[in-house]
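What follows is a set of notes on a single structure, which appears directly below.
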Amino acid sequence: MTFQPGSALQRRSGTAPSPWLCRKLSSKSPSCLGPDHFHRSPSSQGQRGPLLVRASTLEAQRPSSLAERLKGFASQKRDSARYLAVDIVLQNPDKTLEFNRGAIHLIDEDGNESRPESFYKVNSSLNLGGKLSLLSKVTGSNADPDKLEASVLKLDHEVPKNFGKTAAIRIRADAFREDVRFWLLKVSVKDDASRMDQEFEALAQSWVHCKQDWRLFWVNKFYLPADTPPALQSLREQELQGLRNDDGQERCPWDRIYNYAVYNDLGTPEKPRPTLKPYPTREATNRPLNEDMSEGPSGLKKSSWVPMIPLPKVPGLKTSPSFFIPFDEEFSPVKGTTFKKNGLLYAIPILVDKLLDKFRTGEKIEGFESLLDINRFYEADFWDQLTGWLPDAFKFLAPVPGIVAGRVNEWETDEEVGRQTLAGQNPCMLQALKAIPEDSIITAEHLQPWVENNNLQDLLESGKRLFQVDYTALKAFLADANTQFEDGERLFYMYATRGIFYLTNNGYMTLIAIEMIDCPDANKPDSTVSKVVLPRGSGPQNMDKQYWRLAKAYFASNDSGYHQLVSHWLRTHACTEPYIIATRRQLSAAHPVYGLLHPHFKYTMPINRNARQKLINAGGVIESSFSPGAHCLRVCSAIYGLDWRFDKEALPADLIHRGMAVEDPNGSIAWKGKKYASILADYPYADDGMLIWNALHGFCSDYLQVYYPNDQAATMLLSTLVNIPTVPTCPTIPQPHTSPCQTLAIPRCGKNFKENPDGAFLDTVSSRAVALKIMLIVQLLSTHDPDEEYLGDRTDGWTSDAGALEVFKKYKQAVSDIDKQVDARNKNVEFKSRFPNYTTLQPHTTPEDVANIRARGVPNSISI
């Protein structure tokens, strides 16, 4: 019996080839190796390695007969073979395994194949089948070296004398117990002494599982399909067919199959949720469908399988099977061991309960007792006492936000609200106003008193001094959101808001008016009522202050929810997954465009998988923390259908669409053959973002021209890849967003202000439980890991193509220049919105900067 790549028989039966059974890869390679097969590395001519013994021999022979066989075999000489120095670099995440066992063979550009050779990696000083050395600094300095060392197996691998340039490497993990796997970092191949100038490297960075057949890894040289050596074209197509294969069966953990599915798996029988349409697609799992056509709760066919990343030990923590994603997309051992996202997300509810115990003075305290009580969340000694009982994986300190350092009440000033629209968590919502919105009840009389001595109409006509942030589209969901109850208590109360902002004569962006839309009759969702709230009205000054503060809290709630649901989750995470699936299905790993896109997809699918299980699922963190509640993803879907377009996601197109950049022949923003200029001199998100956009655009264009001298050919390729008719020459960058904590995220139902204005306000904003939950999640999800890759970084050996390396060197220098430009801007006192320093888009990558781990640089991928 022979096993083909991706064999359904092997994959479904859970069996793998025996150590001596190797499929016939070509007419030039043996069909199998018997249990008596041995191999000796020659000791002459400087070759490495002692006598190497096949894994199968160790199983089949007793030690006494083994010694006799080795003695007899040592006298043999193979005149028809030569040897290549092969280094296999791997990590073993399971310290309980005594050893890893596998096999390797090489393929050259002419299709010649070496004889498959077994190897052992023993988790001790003993290694059979290769010399072992440890790389103690493969990972970051904060990693646990006991778990994260990489083993290097050094083999002298026999190949035919006519073996040419190595083009591909096959690796297999042999099964000696259930669920054996190892993380393959790379395989390096160097020719013998007569041809030392030839060295090849396959940068794998992938899991290899015992229930997979031979895994194919291409060396770091890219080929366009037409330029692929003829002998390798069928191999390339077979690999893609395996990734696109869909036999209709439910997925197994070790599968490497990419296909599309809709978001129909967020609900439960007790809490059903509709299928999201329109919405981006996700990775298919082929789970059984329920009666309502939603997918069942089981994540994988093997229901006892749990996430490979070990979960932290927390009392009361229960785990459940993980949703399927292709095995290549799983977290690496470094990512999983140092961050343990899976376990932390599972444990959030337990942590919140334990943290709340520290607050309780009676049987139950839900809300904050005073505004000073909120500030306690940022006191170091408070968190030291609060988290003393936690496992190390959970300890964190909520850093004092720069905006309130030494200025406790700065968070509620109108100028700070304005600054946040330029450099805060959601800076991509600000729109230039050239007229008062027609669908608004705001009038010129409302605004004129707040624009200093300027004429309102003149300001509108200029289009550069008045702005809006508009969340009034949420009014369609007010009736549903405001009628959610639990134990007779209303869970949420939401307004749809619109904020009007004014750029003062001194250069400060400030909030001057808020429109609030309510739906008082849930039975008539279209019967909305609007009101305008101003910094000061006609009532008593103290009451005006409280109403204005409350209106800003509702506006902040809309802003925070929109940021998490749309700007962050939808526009980055969800919208990226279809491109990952398309790339894996359509482009071989040997394709140059695959090499361009691959680092920008790292870890996105497992992050999205975790979100579907614990963040955006029914009753998850998002539904329990944001005002739309159970309707959060319905809001997300509606906005996707109304507003999302691929050709608007590019940063220049986004700025032009929002009126934040206007056509100017002397402008610095280039888009579709025209020049544009920013209307604001101080807009960090746009200013620093365009530096990154230009660097990325230049790199992508130069890189594609290395392989595609004709721009049109590259555009046609990307258009076919993503199945979208209007695709720019280079892929768009994800919209960068920060994730600062906001304790005033979830306003609840209003109270009577007259008796106790501060108390009524505190009863309206989020409870301590919600605030704690959001702070834990934001701190967790905003942390970079030791193996994070940032703009201007690529793993050594990612390609051997000289042209690609040259354009990357140019790009790396451009990123370094950006870092200096951002530093200079942050030191310029004329830029009012850069206090505190705006480092969100500063691509510095200083590992020692642990004070603000979220500000270490701009990651290549959506990995947090």
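For residue 710 and residue 618, a Förster radius of 60 Å and the Cβ-Cβ distance give a FRET efficiency of 0.75, rounded to the nearest 0.05. Distance between the 7 Å Cα→Cβ label points at residue 224 and residue 110: 2.6 nm. Give the calculated FRET efficiency between residue 675 and residue 448 to the nearest 0.05, with a Förster radius of 41 Å applied to their Cβ-Cβ distance. So, using R0 = 41 Å, E works out to roughly 0.75.
Of 509, 494, the sequence from fewest to most neighbouring Cβ atoms within 10 angstrom is 509, 494. Summing charges over all other residues whose Cβ lies under 15 Å from the Cβ of residue 533, with Lys and Arg as +1 and Asp and Glu as -1, gives 0. What shape does segment 429-535 have by the C-alpha gyration tensor, where a ≥ b ≥ c are the square roots of the eigenvalues, rounded means a/c under 1.5, and otherwise prolate means a/b greater than b/c and oblate the rest? In terms of gyration-tensor shape, prolate. Ordered by the count of other Cβ atoms within 10 Å of each Cβ, fewest first, 485, 555 give 485, 555. Pairs from the table (190/221; 475/531; 464/531; 475/545; 675/812; 674/812) lying more than 22 angstrom apart at Cα are 464/531; 475/545; 675/812; 674/812.
Put a dot 7 Å past the Cα of residue 462, heading toward its Cβ, do the same for residue 793, and the two dots end up 4.3 nm apart. If I model a spin label as a point 7 Å beyond the Cα along the Cα-Cβ vector, how far apart are those points for residue 663 and residue 806 in nm? Going from the residue 663 label point to the residue 806 one covers 3.8 nm.
The stretch between residue 438 and residue 486, if pulled fully straight at 0.36 nm per residue, gains 13.5 nm over its current Cα-Cα span.
Nearest 0.05, what FRET efficiency do residue 241 and residue 817 give at R0 = 41 Å with Cβ-Cβ as r?
For R0 = 41 Å, the calculated efficiency reads 0.40.
Only the coordinates and a few stated rules stand behind these numbers; no lab work does. Everything numeric in this text was worked out from a predicted model, so none of it was measured. Glycine gets a Cβ as well: all are built from the backbone with ideal geometry, and neighbour counts include every protein chain shown.
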